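In what follows, a structure is listed as structure tokens, so that the remarks can point back to it.
The values are calculated or read from the model by the stated rules, or taken from the named source; none is laboratory data. Everything numeric here is computed off the predicted structure, so don't read it as measured data. Here the Cβ positions follow ideal geometry from the backbone for every residue, glycine too, while neighbour counts run over all protein chains shown. For accessibility, only protein heavy atoms count, side chains too; no ligands or nucleic acids. Shrake-Rupley method; radii C 1.70, N 1.55, O 1.52, S 1.80 Å.
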Amino acid sequence: ISCWSCKGPVLSFVTFCDTCGVIQPPGQSDHFFRLGLKPTFDVDKEKLDQQYFHLQRQLHPDRFVSRSPQERSLSQQQATAINDAYESLREPLSRADYLIDLLSNDDNPDDRARVNDQALLIESMEMREALMGADTLEQIDSLLDRAQNDIKLCIETLSKSFSKNDIDNACKHTIRLKYLKKLADETRIKKVKFI
């Protein structure tokens with residue numbers, strides 16, 4: 001494509017024009033590429049943070065205050081794109097969701113979100129009933145410990161599923177992780193109210 005400023009050739013994914021050095025629009029790249037990472041579930045969190053803060057320092061709108069309105073607008077767009085990428089990749093659940101969207105050949109993402117696993121539905125109902133019936137701090141703590149342990153194991157299973165490129169299994173465990181995180185949050189809320 002052409003640079004909006006000097007009209008020189010620019011690759012669609014670059015942040016600054018090689019010819020004139022002016023900031024470019026964000027372009028259509030995935031979140032991993034935008035942050036300079038390989039598309040994998042097992043993201044190096046330290047590298048993710050380093051890349052994010054490095055790019056934010058370069059692209060933050062405060063650095064473009066004295067520039068043209070177009071450059072200020074593009075820096076805001078770039079900073080927003082970097083923030084979106086970082087928010088999607090920093091937590092295992094949102095990273096799994098994003099990676100499934102990226103790797104899946106499905107034309108209908110709504111089908112992936114449907115729960116067809118009877119065992120998962122039963123597990124979720126049983127855990128919810130146990131939480132509703134918990135009337136001591138020890139019972140609530142026990143449920144929270146179980147949920148946190150299940151979350152850890154689910155993330156490990158997701159890692160294995162993605163490493164084998166088993167998107168169907170990754171979808172199944174991403175849905176389970178959503179249920180487990182919601183249960184853990186509800187358990188924490190009940191614990192706070194109980195205390």
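Brief remarks on what is shown
- About the Cα centre, charge dipole magnitude for the stretch 153-195 (Lys/Arg +1, Asp/Glu -1 at Cβ), debye: 280
- Share of carbon and sulfur in the accessible heavy-atom surface of the chain [1.4 Å probe, %]: 50
- Cysteines of the chain lacking any other cysteine Cβ under 4.7 Å from their own Cβ: Cys154, Cys171.
- For the stretch 5-127, the solvent-accessible area with a 1.4 angstrom probe is 60 square angstrom per residue.
- Farthest toward positive dipole pole in the stretch 1-67 [+1 Lys/Arg, -1 Asp/Glu at C-beta], among Val14, Thr40, Tyr52: Val14
- For the set His173, His54, solvent exposure ranked by accessible area (probe 1.4 Å, protein chains only) runs largest to smallest as His54, His173.
- Gaussian network model of the chain, Cα within-10 Å springs - most flexible of Asp168, Asp135, Asp42: Asp135
- Exposure of Arg72 as accessible area (Å², to 10), given a probe of 1.4 Å and all protein chains: 100
- Check: the chain dipole with +1 on Lys, Arg Cβ and -1 on Asp, Glu Cβ, in debye: 660
- For Lys45, the accessible surface of its heavy atoms amounts to roughly 110 Å² (probe 1.4 Å, protein chains only, rounded to the nearest 10).
- Stokes-Einstein diffusion for the stretch 60-104 at 37 °C, viscosity 0.692 mPa s, with a Kirkwood radius from C-alpha pairs, works out to 276 µm²/s.
- FRET E, pair Leu137, Leu93, Förster distance 22 Å, beta-carbon r, rounded to 0.05: 0.20
- 222 nm mean residue ellipticity, helices alone, for the chain (DSSP H n ≥ 4; -39,500 (n - 2.57); rounded to 500): -22000 deg cm²/dmol
- Normalised radius of gyration (Cα atoms, divided by 2.2 N^0.38 Å) for the chain: 1.33.
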